Amino acid sequence: MFDILKSLYKESLDTCWFQGIFALLLLKFLSTFNLMIESKFLAHPDKGEVSSLLLRPDNADHLMVLGHGAGTGMHHATMEQIAQRLGEQRIATFRYHFPYMERGGGRDSVAVSLATVEAAMHAAHEAAPDLPLLAGGHSFGGRMTSLVAAEGRLSLVKRLVFFGFPLHAPGKPSNHRAAHLPDIAQPMLFLTGTRDTLNNLELFQPIIDGLGDKATLHLLETANHGYKILKRTRVSQEDIFVEMARVVREWVDGML
């Protein structure tokens, strides 16, 4: 539809001006339209299928595969906000459930979680084969994605984005969860709050520095792990989710 209207607008420049204005206005309207498709894919032979949600703006030029946090599903408000704001930046999203979130109960083994991430990448590519893939997620979903990438199993993915990388458990500073990051080939963007109790910046900054040009760290002023901010002390007036989406767009475009 989008391509047809663009062709109609170009043709109208030499014919009917009224038709051209109508096509242009419709183009602007459709550029904000999001195609939403819920489906399922096989996460693991022993765990069966899980739900997924594709949110694709009509003008999307990338697709990000997003894994959810450990205690939240793909419909959680944080995931919804991330997806909506990325859509405004022409980045489609493919959210999905890990098997334990789909069925309820305890968390799956690491092997099952990694297999789910890999399966999600293939399902996302099948859903939108024309869009270059980005991958990552919030907290747990991002960490599982990074582990799969470190094993070289995400060949379809161009770049990785981590929304609140969980470097350690709350109040227990450690850097062992970052040991695999040097093995990742793709460029990485980390969006981390300055009040994130799961990511001690004194430990994390040297890790980022050691990764060189492969890694970019963007600090979110006064944000915690769930992106709650301190309005009274935060200098920026920009919405935290709008900020993250803008930074992702600028990073993808090579502006950062």
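Derivation of every value follows stated rules applied to the coordinates shown; laboratory data play no part. Keep in mind that what you see is a predicted model, and the values were worked out from it rather than measured. Cβ: placed from backbone, ideal geometry, glycine included. Neighbour counts: every protein chain shown.
Report, by chain and number, residues whose modeled amide H sits under 5 Å from the one on L220, excluding near sequence neighbours (fewer than 5 apart, same chain).
T192, G193, T194
Report, ordered by chain and residue number, the aspartates and glutamates lying within cross-link reach of K40, taken as a straight Cα distance under 14 Å and ignoring same-chain residues fewer than 8 apart.
E49, E102, E126
Assign unit charges at the C-beta atoms only (+1 for Lys and Arg, -1 for Asp and Glu), then state the dipole size of the chain relative to its Cα centre in Debye, rounded to the nearest 20.
Around 620 debye, computed over the chain.
Mind checking which of N200, I82, A215 is farthest towards the positive end of the chain's charge dipole, using Cβ charges of +1 (Lys, Arg) and -1 (Asp, Glu) about the Cα centre?
Value computed over the given set: N200.
Please list, short to long, the whole-number percent of alpha-carbon pairs of region 58-147 in consecutive 10 angstrom bins beginning at zero.
In whole percents, the pair-distance histogram is 18, 52, 27, 4.
Once all Cα-Cα distances of the chain are split into 10 Å bins that start at 0, what whole-number percent is in each one?
7, 30, 34, 18, 8, 3, 0
Around L230, under 11 Å between beta carbons, what's the net of Lys plus Arg minus Asp minus Glu among the other residues? Can you show the working numbers first?
Working: positive: R195, K228, K231, R232, R234; negative: E221.
Within the 11 Å Cβ shell, the charges total +4.
Work out, step by step, the length gained on full extension between E80 and T233: first 0.36 nm times the residue separation, then minus their alpha carbon distance; give nm to one decimal.
Between E80 and T233, full extension yields 52.5 nm more.
Pick out, from N59, L147, I240, the residue whose Cα sits farthest towards the positive end of the charge dipole of the chain, with +1 on the Cβ of Lys and Arg and -1 on the Cβ of Asp and Glu.
I240
Hey, fewest Cβ within 10 Å first, where do V161, V110 land in order? Don't jump to the answer; show the numbers that get you there.
Values: V161 27, V110 10.
Exposure proxy ranking, most exposed first: V110, V161.
Mind checking which of L63, L217, L55 has the largest fluctuation in a GNM of the chain, springs on alpha carbons under 10 Å?
The residue with the greatest mean-square fluctuation here is L217.
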